[in-house]
Amino acid sequence: MSAAVEQRLRDHGCAVRLVDYTSTDASIDEVLAVVGGDGTVHCALPAVADTATVLGIVPAGGGNDLAAALGIPSDPLAAADLIATGAVRRLDLAQAGERWWATVLGAGFDSAVAARANRMRWPVGPRRYDVALLAELGRLRPCLFTLTVDGRAIPVEVTLVAVGNTPMYGGGLRICPDAVLDDGLLDVTVVGPVSRRELLRVFPKLRAGRHLDHPAVSHYRVSDVTLDAPGVTAYADGEPVGALPLAITCRRAALRVIAPPQRP
């Protein structure tokens, strides 16, 4: 697939240089085109965040939630055609310390599901997250978190906390359905204690983003938030970010990415 994308870009007259994304740095001053899913984009972010370097995305991963949020074509060659247009859009990113991410950070049950999904080799694609969720249900336990929002520490018992720069994670689960990619804010969805039966009942609503009116769900829109809970590791873009506590900030317009024009 990478070879076909490379050739398509050359056909458009683009000068293509191949780089190993594990060794990229901020010295790249052209378009950095990545072929992969959200995890691959996550690995490339340190090379492009808060720089003049433009990111191009060719979706080829299991979830591709950032590409979907941007309206990037799922067909790799069509995505390469889009990159050749050079149509740049500015997006926010989230940051905790030196770690950047573009989509959603999960902590609690959803980070446990992400960890299991990363260990699985079957099934491929978004269904892997669904299977991982079912496998983790037997270990479902609420956890005591402290959320610091607008300088106010809120102790709360939760099943999961999701901090979204974009609406979706896990291959299309709209956990933060109202999140906007360029408003300078992060959407925080908190799911309180729920039974296994209730979680399974609510789960179909996540794909449509119709869970915010559930009595166990609360929602915040913030420029920064701190999450703290004992023994919890957070995942973002499907990748491990670090153990809590994490102080998370929205970095407005920190990413230049090639994407279709924004709909009015």
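Annotations for the structure displayed:
- Any hit, region 195-202, residues being part of a loop (DSSP other than H, G, I, E, B), among the aliphatic types (A, V, I, L, M), surrounded by fewer than 22 Cβ atoms within 10 Å (Cβ to Cβ) and modelled with pLDDT under 90: no
- Cβ-Cβ under 8 Å pairs, at least 6 apart or on other chains, region 120-144 side more than 17 Å from Glu239 (Cα to Cα) and among the charged types (D, E, K, R), far side part of a helix (DSSP H, G or I) and modelled with pLDDT of 70 or more: Glu136/Phe109; Glu136/Ala112; Glu136/Val113; Glu136/Arg116; Arg139/Ala112
- Whichever residue in region 140-194 is assigned to a loop (DSSP other than H, G, I, E, B) and among the β-branched types (Val, Ile, Thr) and, among such residues, is surrounded by the fewest Cβ atoms within 10 Å (Cβ to Cβ): Val180
- Taken over region 218-260, the criterion of being on the phi > 0 side of the Ramachandran plot and among the acidic types (Asp, Glu) is satisfied by Asp237 alone.
- For region 85-103, a tally of residues being crowded, with 17+ Cβ neighbours inside 10 Å and more than 17 Å from Pro46 (Cα to Cα) returns 1.
- In region 68-82, the residue that is surrounded by the fewest Cβ atoms within 10 Å (Cβ to Cβ) out of those that are in contact (Cβ under 8 Å) with a residue 24 or more places away in the chain and among the aliphatic types (A, V, I, L, M) is Leu77.
- First in region 198-212 and at positive phi, second anywhere and surrounded by 14 or more Cβ atoms within 10 Å (Cβ to Cβ) and part of a loop (DSSP other than H, G, I, E, B), Cβ under 7 Å, 6 or more apart: Gly209/Pro167; Gly209/Arg174; Gly209/Pro177
- Condition met for Gly184 (at positive phi, at pLDDT below 90 and not basic (Lys, Arg)): no
- Residue match in region 67-79 (condition: assigned to a loop (DSSP other than H, G, I, E, B), touching a strand residue (DSSP E or B) at 6+ places or on another chain (Cβ under 6 Å), polar (S, T, N, Q) and in the same structural domain as Gln7 (by TED's automatic domain parsing)): yes
The values are calculated or read from the model by the stated rules, or taken from the named source; none is laboratory data. Owing to the predicted nature of the structure, the values given are computational and were not obtained by experimental measurement. Virtual Cβ from ideal backbone geometry, glycine too; neighbours counted across all protein chains shown.
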